[in-house]
Amino acid sequence: ASPSAAPASPANGIGTAEARSQDGAALGSDVPEAGVCHPGFVFTAQLGRLGLQQDFGLELFSDGETLEINALRSGDTSASRYNDSVEPQFKLQPGHLILSVNGEAGDARRMWAEWQRAPSVKCKICQPMCFYIRFRRQGPLGIDVIHPQNGSGASLALTDILDGPIALWNAVRPEWALRRLDRIIAVNGKDGSSTELKTMLRCASGTVTLLLARRA
């Protein structure tokens with residue numbers, strides 16, 4: 001007798017396909033979309049203090065693993081002098097991520113301590129990959145985010161993904177799944193401060209397009 005066919009289950013891929021089809025229907029009849037806007041890259045920058053009591057001219061935000069550049073201070077600073085000396089693609093900008101400071105990496109507290117202590121810093125800087133996803137929203141997004149307490153900055157960093165449209169998106173489009181510390185930088189084509197982005201997220205309905213940045 002010939003062997004009987006195995007029942008459909010996620011283990012052999014059939015159940016998984018059915019689950020994705022059901023999840024896709026939950027996201028909406030229109031096909032979810034995604035794409036890369038900018039591939040991202042990493043470069044090195046070196047800054048030296050202009051005086052013992054002066055900082056480097058950058059406002060930073062910690063996500064626990066990296067330091068994000070929120071803003072460049074005005075006036076003559078270490079950062080402004082560095083930017084004047086390099087090609088446009090290597091200029092420091094808000095949204096760049098500092099991956100290491102004088103060899104300290106992976107722990108933002110140690111990186112920040114070195115940033116505050118050292119008279120000069122050699123940093124690995126990440127221009128994040130930029131991509132978008134488009135889906136139909138039904139109910140709360142089901143995400144937790146962090147941002148600077150004063151509402152400055154121009155992104156929302158994902159810290160957790162719960163039940164909701166984003167979790168469904170991750171199930172349907174695993175190749176474009178959102179990850180912890182991905183940053184939302186625009187909602188339906190509009191950017192703004194972290195406070196404004198949170199408001200836009202709460203109000204967005206129907207078909208929603210998120211522009212995101214990810215460590216390259």
> Considering the chain, which cysteines have no disulfide-compatible partner, defined as another cysteine with its Cβ under 4.7 Å away?
Replying inline: C123, C126, C203
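Quick one: length gained pulling A177 to V36 fully straight, 0.36 nm per residue minus the C-alpha distance? If you can, show how the numbers build up before the last one.
Working: separation 141, 0.36 × 141 = 50.76 nm, distance 1.29 nm.
Full-extension gain reported as 49.5 nm.
Can you tell me the relative contact order of segment 41-127? Whole percent, Cα pairs under 8 Å, sequence separation 6 or more.
Working: 168 pairs, mean separation 32.6, N = 87.
So the answer I get is 37 percent.
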> Efficiency by 1/(1 + (r/R0)^6): what FRET value for V86 and D107, r their Cβ-Cβ distance, R0 = 30 Å, to the nearest 0.05?
Replying inline: 0.65
> Under the definition of Cα pairs under 8 Å and six or more residues apart, what whole-number percent is the relative contact order of segment 68-109?
Replying inline: 46
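I want the local charge near G206. Using Cβ-Cβ distances under 9 Å, sum +1 for each Lys or Arg and -1 for each Asp or Glu among the other residues. If you can, show how the numbers build up before the last one.
On the way: positive: R136, R137; negative: none.
So the surrounding residues net to +2.
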> Net charge near F43, counting Lys/Arg +1 and Asp/Glu -1 over other residues with Cβ under 14 Å of its Cβ?
Replying inline: +3
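Taking neighbour counts of Cβ atoms within 10 Å as a proxy for exposure, in what order, fewest first, do V187, V86, V208 appear? Walk me through the numbers before you get to the answer.
Working: V187 22, V86 12, V208 19.
Neighbour counts put them in this order, fewest first: V86, V208, V187.
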>> Can you tell me which of D55, D182, D76 moves the most in a GNM of the chain? Springs connect C-alpha atoms under 10 Å apart.
In response: D76
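Below 8 Å, C-alpha to C-alpha, sequence gap of six or more: please give me the relative contact order for the chain in percent. Let's see the in-between values first.
Details: 440 pairs, mean separation 47.8, N = 216.
With pairs under 8 Å counted, the relative contact order is 22 percent.
Full-extension gain between D163 and R73, please, as 0.36 nm times their residue separation minus the C-alpha to C-alpha distance. Could the numbers behind the result be given before it?
Details: separation 90, 0.36 × 90 = 32.40 nm, distance 3.96 nm.
Once the chain is fully extended between D163 and R73, it gains 28.4 nm.
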> So who's got an amide H within less than 5 Å of the one on G40, skipping anything under 5 residues away but keeping other chains? H placed 1.01 Å off N, in plane.
Replying inline: C130
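Report, in deg cm²/dmol and to the nearest 500, the calculated mean residue ellipticity at 222 nm for the chain, where each DSSP H run with n ≥ 4 adds -39500 (n - 2.57) and the sum is divided by the residue count. Show your work: numbers first, answer last.
Working: 5 runs with 50 residues, N = 216.
The per-residue figure over the chain is -7000 deg cm²/dmol.
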>> Can you tell me which of P140, P128, P165 moves the most in a GNM of the chain? Springs connect C-alpha atoms under 10 Å apart.
In response: P140
> Taking only Cα atoms, what is the 0 to 90° angle, nearest 10, from helix 194-203's long axis to the longest principal axis of the chain?
Replying inline: 20
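Bear in mind that the values in this text are calculations on the coordinates, not laboratory data. Keep in mind that what you see is a predicted model, and the values were worked out from it rather than measured. Ideal geometry is used to build each Cβ from the backbone, glycine not excepted, and the neighbour counts take in all protein chains shown.
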